[in-house]
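*Asks:* Please see the structure below; I have some questions.
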Protein chains: 2
Amino acid sequence: MKDDVLYHFGLGTATHNLPAMFGDVKFVCVGGSPWRMKSFTEYIAAEIRMEDPESEYPNICAGTDRYAMYKVGPVLSVSHGMGIPSIAIMLHELIKLLHHAHCEDVTIVRIGTSGGIGLEPGTVVVTKKSMDATFLPKFEQVILGKTVERNTDLDQCLAEELLQCSKELNQFETVIGNTMCTLDFYEAAVVCVTLLDRLKGDQMNGSHEVLQSYQLRPQILVGNYIKKLLKAKAGRSCNSATV
Amino acid sequence: MKDDVLYHFGLGTATHNLPAMFGDVKFVCVGGSPWRMKSFTEYIAAEIRMEDPESEYPNICAGTDRYAMYKVGPVLSVSHGMGIPSIAIMLHELIKLLHHAHCEDVTIVRIGTSGGIGLEPGTVVVTKKSMDATFLPKFEQVILGKTVERNTDLDQCLAEELLQCSKELNQFETVIGNTMCTLDFYEAAVVCVTLLDRLKGDQMNGSHEVLQSYQLRPQILVGNYIKKLLKAKAGRSCNSATV
């Protein structure tokens, strides 16, 4: 392929220097709402001490309104809209982008909001396995007329590490469980906060402030995880420099 | 139900006077991109001579970034993102909104862009029947563990009327055909323009200007249809006033 147009990002190999723009990416955090992904970028910038008081963190996908994308240091933050088709279109172009930029050892985490079943609203759920609409742990995809069944286990080590991180934080209840309608892709995790308990109704009655504080929870957990990993990596490179 | 919170619109029966805001709506035009729906509102305002040089057509859903919504006279314009789940969440709240606002005789038209199969890029397609990923004219939905099969025929009279409108315009090639991945709902139509022929590749290589001009085509066709209907209606009420 001569050029690769990443249409829904408004980016491409012929028009953008993808290795220069994205070569240092180690974490990709994705979530439904563009606004939430911008606010996560501001949050993580302060957490990893890379905030720039001059920067407004411009939307890298400003040439389109399909998705929004922000970057601070090694952390890329991308919105994915709602539903599997919307996130699938985004991931398709994201994985091509990471490939073209020669990125290595990238961890992808969805930080989102969701409904919950039998959980207190505000509970943070780290996904172990995802399920389809019939509550079976599978994802069926039709490729050239043939139905292909995909495994829906998420990275169990990563899920356990995130749960461990949450225990250290000790700020909110986190459970490890199964989530509906997520995608199966390697070295990836899903950390969601439940906004309501579907067994009790489907109306979002919580005040704006309460819902807002819930939405911060996955960000705090994943922010803590990223900080820990970057610190460990800095420690390692420090050690190897002194050896 | 006491209050109904239309969460993804940032609207609700307790917080907004929905009959006052939306009671006069007769046409709802929906499309993937928020930017395109705003530009359609500006276009239709001029077409139906309701443009207001003072108005910037504010986003009615400004309290959320899930969807964008604009209104001029009887025409409501709403973005729906990408994929069936995203449009389904929007339509669920739209139909409740129209109900709460006591709207009657509303026509819903999706004006969109799509891939095409064996069609010249830029062809406008008026949907007769929609198909699933296996190219069968059905839409399966899982409701409380049971798979329910939905009919995917769209309103045939409305489709023919839109095709007739296009013939009168005589500006671009329009075909009546089947479209993948649309939803079945009453008194509704889908008018899409194909941006590429999937049989020849999946890269969006067209220049920005060419793709832009393609995207206008469904708007021009539906704009013409709305104008025609409003004129006929004005004629009828004029006649009944003189009798």
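The values are calculated or read from the model by the stated rules, or taken from the named source; none is laboratory data. These figures come from a predicted structure and were not determined experimentally. Neighbour counts are summed over all protein chains in view; Cβ atoms, including those assigned to glycine, are modelled from backbone coordinates with ideal geometry.
*Asks:* Name every residue in region B:42-57 that is touching a Phe, Trp or Tyr at 6+ places or on another chain (Cβ under 8 Å) and outside any helix (DSSP H, G or I), in order of residue number.
*Replies:* Taking region B:42-57 and keeping what is touching a Phe, Trp or Tyr at 6+ places or on another chain (Cβ under 8 Å), we get B:42, B:45, B:57.
Hit for region B:42-57 is B:57, nothing else.
*Asks:* Please go through (1) under 27 Å from residue B:113 (Cα atoms); (2) modelled with pLDDT under 95; (3) touching a Cys at 6+ places or on another chain (Cβ under 7 Å) for residue A:112 and return the number of the only condition it doesn't satisfy.
*Replies:* Residue A:112 satisfies all of (1) under 27 Å from residue B:113 (Cα atoms); (2) modelled with pLDDT under 95; (3) touching a Cys at 6+ places or on another chain (Cβ under 7 Å) except (1).
*Asks:* Working only within region B:64-85, note down all residues that are surrounded by 19 or more Cβ atoms within 10 Å (Cβ to Cβ) and among the polar types (S, T, N, Q).
*Replies:* B:77, B:79
*Asks:* Oh, and also: Considering only residues of region B:64-92 that are away from chain A (no Cβ under 14 Å) and either farther than 27 Å from residue A:79 by Cα or part of a loop (DSSP other than H, G, I, E, B) (or both), which is nearest to the chain's Cα centre (by Cα)?
*Replies:* B:75
*Asks:* Take the residues of region A:1-17 that are in contact (Cβ under 8 Å) with a residue 24 or more places away in the chain and not acidic (Asp, Glu): which is nearest to the other protein chains (Cβ to nearest Cβ)? First the steps, then the outcome.
*Replies:* Our first condition is that a residue be in contact (Cβ under 8 Å) with a residue 24 or more places away in the chain; within region A:1-17, this holds for A:4, A:6-11, A:13.
If we keep only those that are not acidic (Asp, Glu) as well, we get A:6-11, A:13.
Values: A:6: 9, A:7: 4, A:8: 8, A:9: 11, A:10: 10, A:11: 12, A:13: 11 Å.
Applying the filter and picking the extreme gives A:7.
*Asks:* In region A:122-134, how many residues are crowded, with 17+ Cβ neighbours inside 10 Å, modelled with pLDDT under 90 and among the small types (Gly, Ala, Ser)?
*Replies:* The number of residues fulfilling the criteria is 1.
*Asks:* Exactly one condition in (1) under 29 Å from residue B:115 (Cα atoms); (2) among the polar types (S, T, N, Q); (3) assigned to a helix (DSSP H, G or I) is not met by residue A:39; state its number.
*Replies:* Going through the list (1) under 29 Å from residue B:115 (Cα atoms); (2) among the polar types (S, T, N, Q); (3) assigned to a helix (DSSP H, G or I), residue A:39 breaks only (1).
*Asks:* Here's a follow-up. Before we move on, is residue A:95 away from chain B (no Cβ under 11 Å), assigned to a strand (DSSP E or B) and either buried (at least 18 other Cβ atoms within 10 Å of the Cβ) or among the β-branched types (Val, Ile, Thr) (or both)?
*Replies:* No; evaluated as a whole, the condition is false for this residue.
*Asks:* Select from region A:13-24 the residues that are surrounded by fewer than 21 Cβ atoms within 10 Å (Cβ to Cβ) and of a type outside the set (Ser, Thr, Tyr) and write down the one among them that is nearest to residue A:193 (Cα to Cα).
*Replies:* The initial filter retains those residues of region A:13-24 that are surrounded by fewer than 21 Cβ atoms within 10 Å (Cβ to Cβ), namely A:13-17, A:19-21, A:23-24.
From what is left, the residues that are of a type outside the set (Ser, Thr, Tyr) are A:14, A:16-17, A:19-21, A:23-24.
On the way: A:14: 39, A:16: 35, A:17: 36, A:19: 34, A:20: 34, A:21: 31, A:23: 31, A:24: 29 Å.
Among them, the one singled out is A:24.
*Asks:* Moving on to the next point. Which one is surrounded by the fewest Cβ atoms within 10 Å (Cβ to Cβ), of the residues in region B:141-178 that are within 14 Å of chain A (Cβ to nearest Cβ) and among the β-branched types (Val, Ile, Thr)?
*Replies:* By that ranking, first place goes to B:143.
*Asks:* For residues that are farther than 23 Å from residue A:50 by Cβ and among the hydroxyl-bearing types (Ser, Thr, Tyr), scanning just region A:185-243, find the one that is modelled with the lowest pLDDT.
*Replies:* Among those that are farther than 23 Å from residue A:50 by Cβ and among the hydroxyl-bearing types (Ser, Thr, Tyr), it is A:242.
*Asks:* Answer yes if at least one residue in region B:135-156 is out of contact with any strand residue (DSSP E or B) (no Cβ under 7 Å at 6 or more places or on another chain), under 24 Å from residue A:93 (Cα atoms) and modelled with pLDDT of 85 or more, and no otherwise.
*Replies:* no
*Asks:* List the pairs whose first member sits in region A:86-111 and is within 22 Å of residue A:36 (Cβ to Cβ), whose second member is in a helix (DSSP H, G or I) and of a type in the set (Gly, Ala, Ser), and whose Cβ atoms are under 6 Å apart, counting only residues at least 6 apart or on separate chains?
*Replies:* Hits for this filter: A:86/B:86.
*Asks:* Determine whether residue B:134 is more than 13 Å from chain A (Cβ to nearest Cβ) and out of contact with any His (no Cβ under 9 Å at 6 or more places or on another chain).
*Replies:* no
*Asks:* Right, here's the next one. Where in region A:106-178 are there strands (runs of 3 or more DSSP E), lying fully within it, with 2 or more residues that are touching a Lys or Arg at 6+ places or on another chain (Cβ under 6 Å) and closer than 30 Å to residue A:24 by Cβ? Lay out the reasoning, then the answer.
*Replies:* Working: elements: A:107-116, A:124-131, A:138-143, A:146-151.
Once the strands (runs of 3 or more DSSP E) in region A:106-178 are filtered for at least 2 residues that are touching a Lys or Arg at 6+ places or on another chain (Cβ under 6 Å) and closer than 30 Å to residue A:24 by Cβ, nothing remains.
*Asks:* Here's a check for you: in region A:32-63, which residue that is within 14 Å of chain B (Cβ to nearest Cβ) and more than 22 Å from residue A:224 (Cα to Cα) is surrounded by the fewest Cβ atoms within 10 Å (Cβ to Cβ)?
*Replies:* Filtering first and then ranking leaves A:62.
*Asks:* To continue, here is another question. Which ones in region B:18-31 are more than 14 Å from chain A (Cβ to nearest Cβ) and not in a helix (DSSP H, G or I)?
*Replies:* Within region B:18-31, B:23, B:24, B:25, B:26, B:27, B:28, B:29, B:30 meet the criteria.
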